[in-house]
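One structure is given below, encoded as structure tokens.
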2 protein chains.
Amino acid sequence: MSSAKKGGPVRPSTSVWRPLGVDEIRITGGLWGKMQRLNADTILQHCESWMERIGWIGNFDRAAADMITGRHAGIEFVDSEVYKLLEAMAWELGRAPSDILASRYQMLVERVAAAQEPDGYLHTSFGRAGQPPRYSSLEAGHELYCFGHLLQAAVARLRTGHDDVLPRVARRLADHVYRQFGPDGRVGVCGHPEIEMALVELARATGEERYLELARLFIDRRGAGTLGTHPFGQEYFQDDIPVRLAATMRGHAVRALYLAAGALDVATETGDGELAAAVRRQWANGVGHRTYITGGVGSHHQDEAFGDDFELPADRAYAETCAGIASVMLSWRLLLSTGEDRYADLIERTLLNNVLASPRADGRAFYYTNTLHQRTPGQVPDEQQLSHRAESGLRAPWFEVSCCPTNVARTLASVSLYFATASDDGVQLHQYGDYRISTELAAGRLIVQVSGAYPAGDTVTVNIVEAPAAEITLRLRVPAWAFGAAKVSEGPTAQTSSHVEIRRVFRAGDSVRVMFPAAARATHPDPRIDSARGAFAVEQGPLVLALESTDLPPGWSVNEVTADPHSLAADDAGATTIEVCRRDPAPGEWPYYAEPDEKEGERVRVRLIPYHQWANRGPATMRTWLPVSTHRPLRSAAADIGHEPGGPNL
Amino acid sequence: MSSAKKGGPVRPSTSVWRPLGVDEIRITGGLWGKMQRLNADTILQHCESWMERIGWIGNFDRAAADMITGRHAGIEFVDSEVYKLLEAMAWELGRAPSDILASRYQMLVERVAAAQEPDGYLHTSFGRAGQPPRYSSLEAGHELYCFGHLLQAAVARLRTGHDDVLPRVARRLADHVYRQFGPDGRVGVCGHPEIEMALVELARATGEERYLELARLFIDRRGAGTLGTHPFGQEYFQDDIPVRLAATMRGHAVRALYLAAGALDVATETGDGELAAAVRRQWANGVGHRTYITGGVGSHHQDEAFGDDFELPADRAYAETCAGIASVMLSWRLLLSTGEDRYADLIERTLLNNVLASPRADGRAFYYTNTLHQRTPGQVPDEQQLSHRAESGLRAPWFEVSCCPTNVARTLASVSLYFATASDDGVQLHQYGDYRISTELAAGRLIVQVSGAYPAGDTVTVNIVEAPAAEITLRLRVPAWAFGAAKVSEGPTAQTSSHVEIRRVFRAGDSVRVMFPAAARATHPDPRIDSARGAFAVEQGPLVLALESTDLPPGWSVNEVTADPHSLAADDAGATTIEVCRRDPAPGEWPYYAEPDEKEGERVRVRLIPYHQWANRGPATMRTWLPVSTHRPLRSAAADIGHEPGGPNL
């Protein structure tokens, strides 16, 4: 069928650049190659076996047999986890076909499909005798949210070249929702946005305009108190202000970002410039005022929500993994829509420092939230127990609300699709790593191999494997963190602070190299971020670094150290080190004093690690924001790394 | 009856000092006189009429008529609010008898008493056909918690000289609980501690030893996973570690403090030194590491809980009014038990800066939580609507969980009873204000009148109205905030950094004056309090001051100012002022920079107000921790107030 055109998760009818499909871009190694292998070898199986064991997959069997009432496992929206796993499997099968995985996938799809009711409705928690009626709790029931994930899983199947069982299930389900909530249906929306972007994508993938029409209705209805009240206020589910009028990101972070992604999709397909501008404004205000240095968002545990501007506590950072993924999904849509590099900058930051922090190195445990300051060592979780808590102590194998592991799985399986785009006469490299592009330009096939040790190394090499005989443009993003200091192996034909373009006739064997500053650098918070005042972070390339107590002398805690931002250096092994002082605070009865307590004691040079790697060496305390030492270091290490105080902070 | 001996809320069988009863100490004016009038004239009526209107009082009528099933108003523990109101009324009647109030009180007691079941059980949410069974949810049902508040209300009635209806109801109820949970009963405890201290006090007031025995069982059973699991972990309701082994305050703050108070009561009556030491240790660690400068406690909105050590975010301070009240209740017990002034210091701080911040100036709205930094102006609440949210925006008239207004009411009605104590040969003044003590010492009657503009003024005068002909000791606390700099009008016969004693024969007309430092002072946070790093607070006498945007030039927000701690001064009207700078932060796309952003712009001198008065002039932003200006002030105002940088910070 023509609808089964290959592609990525997002394929707008108009965009500045054309996204690539699974047959056009492939990760070949490096950090992301390792992560995709971990996903294929471990994470997918981990998710499937957990959901099998605790009955979330079995819900579909019981529903199909009409034996689900009173025997539903898990909270009411666990269907969505099965759908995200199906999406992950579909992308993985598109990336690296496997008979074993294909068979597991098809068996799982059949079990889901068997639970679909004759009118297209498909949910294991609602609608049967003894269950809550269909759509009886749009605020909290997550029915349409679950449907959205099924539609996205179906789109992944279509975009990897298969118009088979799940896409058919999805069409029947979407048709049902259209009848229920379409122009002649009930004026409702889901408490948790998700179906909006899924409907637009299904419309794009199938050509069915009604799905887009329904998504537009869901966007337009929202923000007028369409949903009932919520204890955390209407902004919790973005029903306080219409999407097109809202100034910034607010309320539950995943809800806010999924909604914005869906709104932009609707705006793109309907030519609604006002709506698109509203989404860009919300993104800019959210990123400028409500985002952690890791790219994580969500400042509150209570409501998993954005806080006020500059309310960004390190120790109570929620920074939910799913919110980071949602942020990447939104930024990717904005990048396609505008071509602006800042969206790729945030994708890079968020993928490497928020999303990648979630899975444990062995792929068998995950962070739900991603704190920036762990004050007490976490407790080793029971690997056989569901975790109640969305707390960051140590990563846990599975959660009662387990949205993050399956979201990580689908993101890792499809992550290459966020790395580059094409146009008629060239390619645009937005992310770096080890990957291969093979795509048809107007003048013919272009094959390039991108490589380097990124994010660790300082040089990215683009080798031309095959190129058309005509002039084409190779466009390379210059990350914002490089402060314009990237060097290119040949003079660009166009250049801004955020990208370079090389336009010429390329030949097989040609290569272009880009060199980025490699030294670690100190980064200072906006003075309105009260929680980070008097502290600095360390970044290196695109990575946020962290101090983990594992690297401190025995008995030290990260809670009692200060550090000198001018003492950053590399040790003999190339690891970044910094000089930290141990405070010797008064053992006071009362922690407020007539004079500032600035005493500092013993000093030691320690290693910093990439933030996303923390808590892989057992229970530990950790911090990203290091309090600035008030003392001069014993020796300045600035010379070691060529740091010039006061100069550009590279 | 002999059991109807007058006294205060706590009357240990042994204590360093003897607490005074309502007939021995009476507030005569000043701030606390104003607050007690507000309570009598407005707050009691406000609580009663809200609970009448929304059916919480009517629950008892419907229960008595066996018509409550399906018609219960409010959440399952609203009975406790009626009991706290009854306690407040009882103390108020003891303080200032009133026929009108007595009649309202008796009518309300009759309605409560009518709902008591033949076996003594009394709860409007449990146990009838169609309701959850009795004790079916010890974790969350709050049954014993409600009973505890009824017992405390009965004790207030006994201690104000009346052994009438409510004390009889309380005895029957306590006897029922003893049968259910006593040595031969069910091994359970309540998810929310409260009944423990209530049982001990009822034992003290009635002489019934079984109530003490039951309280001891509840204390001893707790901490071994006696309750089921909780999503926030067992520490949420202190069932993680036995009370006698716990090192610090943790979990839900009100639960933790009520439990500690009950544990100390049990320890006192059973001579359990280990248990008493455990409570003192938890108090010391909680105060030293987990308490806001206002005395407020609770760093999390999500679980209303203590955070980790030094996790004290200003902008997300929960600092629940009820936790402040619970802290006062615990500190008072520790003060009686040990005689140590530090407990009175914390009572002073907490009453003036946390508890008093709750009621609006007109007594018709309350803060549930007491933030130390309000970033956005609150919304004016609908005065006729229940408030869902425990957020600090503006004070709200009533809450779905409305524990704080009635807790404020009972505290204000009885607050004088925390001000002073007596011994055989003297009195101990722990708090200052305007009040009169009239008590019998071994040598005869002593009547003293304490007066002054405290907490605003700098001089407290103690006038002797009547004294025995023998030597007695007048013991005056020297608040910790005075750093030992209090001056006394005559040479003390004994003196420490925390109190002075004057022992002599006093005659009517004698007076003793104490002068405290009156100037405002800067206070600096422990360096481990990340959220306050680089900032200072301003205190004046026992009051924490705040900067409210109402006092800033139009268009300024507290979020963008810095201040110079050396610029504190008094203006012509005697108000404390400080020089603040308006930052001119970069309107960046990303709030993290290569260099610190320390630009400061326009400078202006503004007034500070007592923190507890904030948000009485309409929506505003507010902060207690002021970021330290990096610039020198235009002129030093240090000379104005005799401040010597580096010297003791008075």
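Some points to look at:
- Residues in segment A:107-129 that are outside any loop (DSSP other than H, G, I, E, B) and crowded, with 16+ Cβ neighbours inside 10 Å: A:L108, A:V109, A:R111, A:V112, A:A113.
- Scanning segment B:343-397 for residues that are surrounded by fewer than 18 Cβ atoms within 10 Å (Cβ to Cβ), polar (S, T, N, Q) and either away from chain A (no Cβ under 11 Å) or closer than 20 Å to B:A409 by Cα (or both) yields one hit, B:Q384.
- Meets criteria (assigned to a strand (DSSP E or B) and within 12 Å of chain B (Cβ to nearest Cβ)) for A:A586: no
- Counted residues, segment A:205-226 - those being more than 28 Å from A:G21 (Cα to Cα), in contact with a Gly (Cβ under 8 Å, 6 or more places away or on another chain) and surrounded by fewer than 22 Cβ atoms within 10 Å (Cβ to Cβ): 3
- No other residue among A:A267, A:A277 is among the hydrophobic types (A, V, I, L, M, F, W, C) and either without any contact (Cβ under 8 Å) to a residue 12 or more places away in the chain or closer than 25 Å to A:V355 by Cβ (or both) apart from A:A277.
- Across segment B:172-207, the number of residues qualifying as under 15 Å from B:V243 (Cα atoms) and of a type in the set (A, V, I, L, M, F, W, C) comes to 3.
- Every listed requirement among (1) buried (at least 24 other Cβ atoms within 10 Å of the Cβ); (2) more than 14 Å from chain B (Cβ to nearest Cβ); (3) touching a Lys or Arg at 6+ places or on another chain (Cβ under 7 Å) is met by A:T411 save one, (3).
- All of B:V580, B:V604 fail the test of being farther than 28 Å from B:L352 by Cα, in a strand (DSSP E or B) and modelled with pLDDT of 95 or more, apart from B:V604.
- For first residues located in segment A:591-604 and on the phi < 0 side of the Ramachandran plot and at the interface with chain B (Cβ under 7 Å from one of its Cβ atoms), partners that are among the aliphatic types (A, V, I, L, M) and surrounded by fewer than 15 Cβ atoms within 10 Å (Cβ to Cβ) and lie 6+ apart or on another chain with Cβ distances below 9 Å form the pairs A:Y593/A:A586; A:D597/A:A586.
- Between A:G185, A:G262, A:G161, the distinction of being modelled with pLDDT of 95 or more, within 24 Å of A:H123 (Cα to Cα), part of a loop (DSSP other than H, G, I, E, B) and in contact with a helix residue (DSSP H, G or I) (Cβ under 8 Å, 6 or more places away or on another chain) belongs to A:G185 only.
- When each of B:A469, B:A485, B:A456 is tested for being more than 26 Å from the chain's Cα centre (by Cα) and within 17 Å of B:R521 (Cα to Cα), the lone residue that passes is B:A485.
- The lone exception for B:G452 - which of (1) farther than 17 Å from B:G339 by Cβ; (2) at pLDDT 95 or above it fails: (2)
- When B:T248, B:T206, B:T226 are checked against the criterion of being more than 25 Å from B:M329 (Cα to Cα), polar (S, T, N, Q) and touching a residue at least 24 places away in the same chain (Cβ under 8 Å), B:T226 stands alone in meeting it.
- Verdict on B:G324 being small (G, A, S), at pLDDT 95 or above and within 16 Å of the chain's Cα centre (by Cα): yes
- Annotation note: of B:W625, B:W614, the sole residue that is modelled with pLDDT of 95 or more and within 12 Å of another protein chain (Cβ to nearest Cβ) is B:W625.
- Within segment B:215-236, the set of residues being touching a helix residue (DSSP H, G or I) at 6+ places or on another chain (Cβ under 6 Å) and within 14 Å of chain A (Cβ to nearest Cβ) comprises just one member, B:H230.
- Residue satisfying condition, being within 14 Å of another protein chain (Cβ to nearest Cβ), under 30 Å from A:P627 (Cβ atoms), crowded, with 24+ Cβ neighbours inside 10 Å and among the β-branched types (V, I, T), within set A:T294, A:T248, A:T321: A:T294
- Wholly enclosed helices (runs of 4 or more DSSP H) of segment B:21-89 bearing at least 1 residues farther than 30 Å from B:G452 by Cα and modelled with pLDDT of 95 or more: B:44-53, B:58-64
- For A:R316, the requirement of being over 23 Å from B:N559 (Cβ atoms) and among the charged types (D, E, K, R) is not met.
- Residue check for B:F310: within 14 Å of chain A (Cβ to nearest Cβ) and aromatic (F, W, Y): yes
- Tally of residues being among the polar types (S, T, N, Q) and surrounded by fewer than 20 Cβ atoms within 10 Å (Cβ to Cβ) across segment B:227-245: 2
- Filtering segment A:130-154 to residues that are over 20 Å from A:A256 (Cβ atoms) and part of a loop (DSSP other than H, G, I, E, B) leaves A:G130, A:Q131, A:P132, A:P133, A:R134, A:Y135, A:S136, A:S137.
- One residue from A:G491, A:G541, A:G484, A:G534 being of a type outside the set (V, I, T) and under 30 Å from B:Q374 (Cβ atoms): A:G534
- Segment A:99-115: number of residues that are in contact (Cβ under 8 Å) with a residue 24 or more places away in the chain and hydroxyl-bearing (S, T, Y): 0
- Residues that are crowded, with 21+ Cβ neighbours inside 10 Å and out of contact with any Asp or Glu (no Cβ under 8 Å at 6 or more places or on another chain) within segment A:501-516 comprise A:F506, A:V514, listed in sequence order.
- Filter pass, B:V10 being farther than 21 Å from B:R168 by Cβ and surrounded by fewer than 18 Cβ atoms within 10 Å (Cβ to Cβ): no
The values are calculated or read from the model by the stated rules, or taken from the named source; none is laboratory data. As the structure is a computational prediction, the values presented were derived from the model and not from experiment. All Cβ positions, even for glycine, are placed from backbone atoms using ideal geometry, and neighbour counts span all protein chains on display.
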